[in-house]
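First up is the structure itself, then whatever we jot down about it.
The values are calculated or read from the model by the stated rules, or taken from the named source; none is laboratory data. Small disclaimer: the values here were computed from a predicted structure and weren't measured. Neighbour counts run over all protein chains shown; Cβ positions are idealised from the backbone, glycine included. Calculation scope for accessible area: heavy atoms of the full protein, side chains included, ligands and nucleic acids excluded. Shrake-Rupley method; radii C 1.70, N 1.55, O 1.52, S 1.80 Å.
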Amino acid sequence: MLLEICAFNLPSALAAQRAGADRIEMCAGPDIGGVTPSAGSIRAARELLRIPLYPIIRPREGDFLYSEEEFMVMMRDIAFCRGVGCDGVVIGILLADGRVDRPRCARLVEAAYPLGVTFHRAFDRAVDPFEALETIIGIGCERILTSGQRPVATEGAELLRELAREADERIVIMPGSGVRSGNVASLASRTGAAEFHTSARVRGESAMKYVNPAMQEDSSMTMADEGEIRRIKEIISTL
């Protein structure tokens with residue numbers, strides 16, 4: 001079984017690698033659901049990580065209905081990721097009616113080749129998960145990151161199992177959202193999944209010795225919990 005960590009910064013990616021993670025999804029903006037990280041962050045991660053690296057290709061927060069200009073940005077970000085040696089990318093575009101935007105997603109997959117492609121949790125906003133599943137298989141993605149169209153994967157476990165059954169090993173169904181050491185064994189049993197996704201996030205305290213109290217701000221940051229990642233990895237290694 002494999003464990004993918006969503007890392008919102010380079011220190012988190014490196015902590016995940018130390019803890020035994022199998023793959024990194026690199027993101028920025030944890031408070032807005034994750035957007036494409038900077039070019040510098042992607043390049044540095046590629047240089048420092050020995051495990052597979054999949055940056056998310058998401059040009060902004062909000063929905064997954066993109067303009068032609070935003071689509072152009074996505075194509076350029078994929079070209080950059082391919083150029084610096086990433087192992088894959090994470091994509092997702094929907095139409096206004098909730099169906100997967102097959103033509104444009106297919107162009108992203110083609111642009112990424114020979115990189116692997118994960119379809120992200122835009123899937124959880126699709127109007128028909130089984131139609132979306134077939135579309136995503138058809139365009140050549142290798143996995144779908146999903147919480148079973150619920151806020152957290154434990155609530156969507158029934159649909160996750162149904163999706164895995166329908167996929168019939170044509171694509172990986174990877175549960176994500178709310179995956180922790182306390183529920184991953186149960187999720188594996190309930191869904192039959194062999195790959196899991198988590199940010200294992202905690203708040204990391206600032207190392208600043210001086211903080212201007214007049215600013216009235218929180219200087220902590222989102223970090224991956226190295227101990228939690230080790231616990232999850234230990235649990236799934238025994239299943």
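If you go through segment 123-164 and keep only what is charged (D, E, K, R) and assigned to a helix (DSSP H, G or I), you end up with Asp124, Arg125, Glu131, Glu134, Glu158, Arg161, Glu162. Reported count of residues in segment 90-126, each being open to solvent by 10 Å² or more (accessible area, probe 1.4 Å), under 12 Å from the mean Cα position of the chain (by Cα) and aromatic (Phe, Trp, Tyr), is 0. Within segment 9-26, if we keep just the residues that are closer than 20 Å to Arg143 by Cβ and touching a Pro at 6+ places or on another chain (Cβ under 9 Å), the residue that is surrounded by the fewest Cβ atoms within 10 Å (Cβ to Cβ) turns out to be Asp22.
Spot the failing condition for Leu65; the list is (1) touching a Ser or Thr at 6+ places or on another chain (Cβ under 9 Å); (2) farther than 28 Å from Asp218 by Cα, and only one is missed. Unmet for Leu65, out of (1) touching a Ser or Thr at 6+ places or on another chain (Cβ under 9 Å); (2) farther than 28 Å from Asp218 by Cα: (1).
Determine whether Ala21 is in a loop (DSSP other than H, G, I, E, B), modelled with pLDDT of 95 or more, hydrophobic (A, V, I, L, M, F, W, C) and within 25 Å of Ser237 (Cβ to Cβ).
Numbers: in a loop (DSSP other than H, G, I, E, B): yes; modelled with pLDDT of 95 or more: yes; hydrophobic (A, V, I, L, M, F, W, C): yes; within 25 Å of Ser237 (Cβ to Cβ): yes.
Answer is yes for this residue.
Filtered by the rule that a residue be of a type outside the set (A, V, I, L, M) and more than 12 Å from Gly176 (Cβ to Cβ), segment 1-22 gives Phe8, Asn9, Pro11, Ser12, Gln17, Arg18, Gly20, Asp22. Looking across Thr154, Thr146, one residue alone is crowded, with 24+ Cβ neighbours inside 10 Å and among the β-branched types (Val, Ile, Thr). It is Thr146. For the residues Pro55, Pro59, the requirement of being touching a strand residue (DSSP E or B) at 6+ places or on another chain (Cβ under 6 Å) and free of Cβ contacts under 8 Å to residues at least 60 places away in the same chain singles out Pro55.
When we screen Ser220, Ser206, Ser199, Ser186 for residues that are among the polar types (S, T, N, Q) and touching a residue at least 40 places away in the same chain (Cβ under 8 Å), the only hit is Ser199.
Can you tell which of Gly85, Gly29 is among the small types (Gly, Ala, Ser), more than 28 Å from Ser181 (Cα to Cα), in contact with a strand residue (DSSP E or B) (Cβ under 9 Å, 6 or more places away or on another chain) and in contact (Cβ under 8 Å) with a residue 24 or more places away in the chain? Give the derivation first.
Numbers: Gly29 fails: more than 28 Å from Ser181 (Cα to Cα).
When all the criteria are applied, what remains is Gly85.
Filter segment 60-82 down to the residues that are part of a helix (DSSP H, G or I) and surrounded by fewer than 21 Cβ atoms within 10 Å (Cβ to Cβ) and list them by number.
So in segment 60-82, the residues part of a helix (DSSP H, G or I) come out as 68-82.
Across segment 60-82, the qualifying residues are Glu68, Glu69, Glu70, Phe71, Met72, Val73, Met75, Arg76, Ala79, Phe80, Arg82.
Given the condition hydrophobic (A, V, I, L, M, F, W, C), touching a Gly at 6+ places or on another chain (Cβ under 9 Å) and under 24 Å from Pro30 (Cβ atoms), answer yes or no: does some residue in segment 202-209 qualify? So far as segment 202-209 goes, no, none of its residues is hydrophobic (A, V, I, L, M, F, W, C), touching a Gly at 6+ places or on another chain (Cβ under 9 Å) and under 24 Å from Pro30 (Cβ atoms). On the stretch given as segment 27-59, residues that are surrounded by 15 or more Cβ atoms within 10 Å (Cβ to Cβ) and assigned to a loop (DSSP other than H, G, I, E, B) total 11. Evaluate the following for Ala44: is it touching a Leu at 6+ places or on another chain (Cβ under 9 Å), in contact (Cβ under 8 Å) with a residue 60 or more places away in the chain and either closer than 12 Å to Thr222 by Cα or not hydroxyl-bearing (Ser, Thr, Tyr) (or both)? It is false that Ala44 is touching a Leu at 6+ places or on another chain (Cβ under 9 Å), in contact (Cβ under 8 Å) with a residue 60 or more places away in the chain and either closer than 12 Å to Thr222 by Cα or not hydroxyl-bearing (Ser, Thr, Tyr) (or both).
Of the residues making up segment 83-114, those that are over 23 Å from Glu134 (Cα atoms), among the small types (Gly, Ala, Ser) and in a loop (DSSP other than H, G, I, E, B) number 1.
From the set of residues in segment 201-239 that are among the hydroxyl-bearing types (Ser, Thr, Tyr) and over 23 Å from Phe8 (Cα atoms), which is least open to solvent (accessible area, probe 1.4 Å)?
Start the filter on segment 201-239 by keeping residues that are among the hydroxyl-bearing types (Ser, Thr, Tyr), which leaves 206, 210, 219-220, 222, 237-238.
Restricting the remaining residues to those that are over 23 Å from Phe8 (Cα atoms) gives 210, 237-238.
On the way: Tyr210: 149, Ser237: 85, Thr238: 110 Å².
Ranking the qualifying residues of segment 201-239, first place goes to Ser237.
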